[in-house]
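Visitor: Pasting in a structure now, in structure tokens, and then I'll have a few things to ask.
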């Protein structure tokens, strides 16, 4: 089998079917994810161990392959025909190689993504810390890319991204953009951030905050005149605050509380909900760091943040359950689908 031709056909099928992910697993047909459903490509043959090895070799270098064999896990990016980009993960299961590919969409505007208007103002801030959170596959990186795209089109700023791997490729417009890939351009997130203070950056985008060293440096950067954008795996704004604080030893937690309270712009948690007309539409919870929120963070009362979000619409905050109910009223999503994403289903039911 010519694996380069086969991979080309599979990726073009993914694009034609408006899919998001492509899976290769030994003993199974190549499989697409379209919206929320997995669709096996039964016109193809079931994959053998040789097939997954061959497909992987098309996408990564010999150096990366050697690294993968040693570590048994590999994140990578793949550019197809100079037009499409995919984020990949290779792993072993039952001794065989499995590959998951996610199609990275083109950089889209904040309006195209149906993001809240508040995101526009946040992207125009000169300094501070803004996080987009949620489970895997909920469009966090896509949201950040739209914010970087807006900054790039509006202002003359130096933007530095640190990613693992690089996903969206940005074309310089008014801003100077440098994209650094962990494992290729820098050893790790924390090393890149430690040196970023000498690179005259205005905007820093961190693909994901994975450890307390990265979090600490990011918060310090936000305090010292940078706009810092990043993602974190957390279900809500309140949980995000707790996860950040809890990642530090007890004797450092009071300090990080004070730093976070002063530097935070906001936290947006998002979900992608099946749309009645097809595809997915985002739903949001948005926390804006008001003086009242900052006090809760400093005073170890993050469990009260949900109340401020629920009652803070005049300050730009968005309650997820109310947003989901509004999507139902507008006829965008079904009540059943929206309810599945609601945090407080009893409240959601009352709203309708």
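Visitor: For the stretch 189-274, what class follows from the C-alpha gyration tensor (a ≥ b ≥ c being the square roots of its eigenvalues): rounded when a/c is under 1.5, otherwise prolate if a/b is larger than b/c, else oblate?
Guide: Taking the square roots of the gyration eigenvalues as a ≥ b ≥ c, the stretch 189-274 is oblate.
Visitor: With the convex hull built on the Cα atoms of the chain, state its orientation-averaged projected area in nm².
Guide: The orientation-averaged projected area of the Cα hull of the chain comes to 18.9 nm².
Visitor: Distance between the C-alpha centers of the stretch 23-74 and the stretch 265-281? Whole Å please.
Guide: Between the Cα centres of the stretch 23-74 and the stretch 265-281 lies a distance of 28 Å.
Visitor: Relative to the longest principal axis of the C-alpha atoms of the chain, give the angle of the C-alpha long axis of helix 237-246, reported between 0 and 90° and rounded to the nearest 10°.
Guide: The helix 237-246 is inclined about 90 degrees to the chain.
Visitor: Measure nothing but the geometry: give the 0 to 90° angle between the long axis through the Cα atoms of 320-329 and the longest principal axis through the Cα atoms of the chain, rounded to 10°.
Guide: 70
Visitor: Rounding to the nearest 10 and keeping the result within 0 to 90°, find how far the Cα-based axis of helix 49-59 lies from the longest principal axis of the chain.
Guide: 60
Visitor: Using a basic spin-label model with each label point 7 Å from the Cα along Cα→Cβ, how many nm lie between residue 246 and residue 15?
Guide: 4.3
Visitor: Fully extended, how many nm does the chain gain between residue 292 and residue 114 (0.36 nm per residue separation, minus their Cα-Cα distance)? Write out the running numbers ahead of the final one.
Guide: Details: separation 178, 0.36 × 178 = 64.08 nm, distance 2.81 nm.
In short, 61.3 nm is gained.
Visitor: Then there's this: Under 8 Å for C-alpha pairs, at least 6 residues apart: give me the relative contact order for the stretch 118-318, rounded to a whole percent.
Guide: Details: 354 pairs, mean separation 48.2, N = 201.
Contact order relative to length: 24 percent.
Visitor: What order do you get for 301-309, 64-72 when each peptide is scored by the mean count of other beta carbon atoms within 10 Å, highest first?
Guide: Numbers: 301-309: 16.8, 64-72: 13.1.
Result, highest mean Cβ count within 10 Å first: 301-309, 64-72.
Visitor: Express the relative contact order of the stretch 3-104 as a whole percentage, based on alpha carbon pairs under 8 Å and six or more residues apart in sequence. List each step's numbers first, then the result.
Guide: Details: 165 pairs, mean separation 25.7, N = 102.
In percent, rounded to a whole number, it is 25.
Visitor: Given a Förster radius of 25 Å and the C-beta distance between residue 69 and residue 184 as r, what FRET efficiency does 1/(1 + (r/R0)^6) yield to the nearest 0.05?
Guide: Working: r = 18 Å, r/R0 = 0.73.
Using R0 = 25 Å, I get an efficiency of 0.85.
Visitor: How much length, in nm to one decimal, is gained on full extension between residue 50 and residue 176, taken as 0.36 nm per residue of separation minus their Cα-Cα distance? Numbers along the way, then the final one.
Guide: Details: separation 126, 0.36 × 126 = 45.36 nm, distance 4.34 nm.
Fully extending the segment from residue 50 to residue 176 adds 41.0 nm.
Visitor: Explain nothing, just the number: relative contact order of the chain, from Cα pairs under 8 Å at least 6 residues apart, as a whole percent.
Guide: Details: 626 pairs, mean separation 43.0, N = 352.
Relative contact order comes out at 12 percent.
Visitor: Next question, about the same structure. Need the full-extension length gain, residue 38 to residue 276, defined as separation in residues times 0.36 nm minus the C-alpha distance. One decimal, nm.
Guide: Working: separation 238, 0.36 × 238 = 85.68 nm, distance 1.84 nm.
Taking 0.36 nm per residue and subtracting the Cα distance, the gain is 83.8 nm.
Visitor: Whole angstrom only: what separates the Cα centroid of the stretch 291-341 from the Cα centroid of the stretch 153-229?
Guide: The stretch 291-341 and the stretch 153-229 have Cα centres spaced 29 Å from each other.
We did not get these values from a lab; they are worked out from the coordinates using the rules stated. Nothing here was measured: the structure is a model prediction, and the numbers come from that model. Note that each Cβ is placed from the backbone with ideal geometry, even for glycine, and that neighbours are counted across all protein chains shown.
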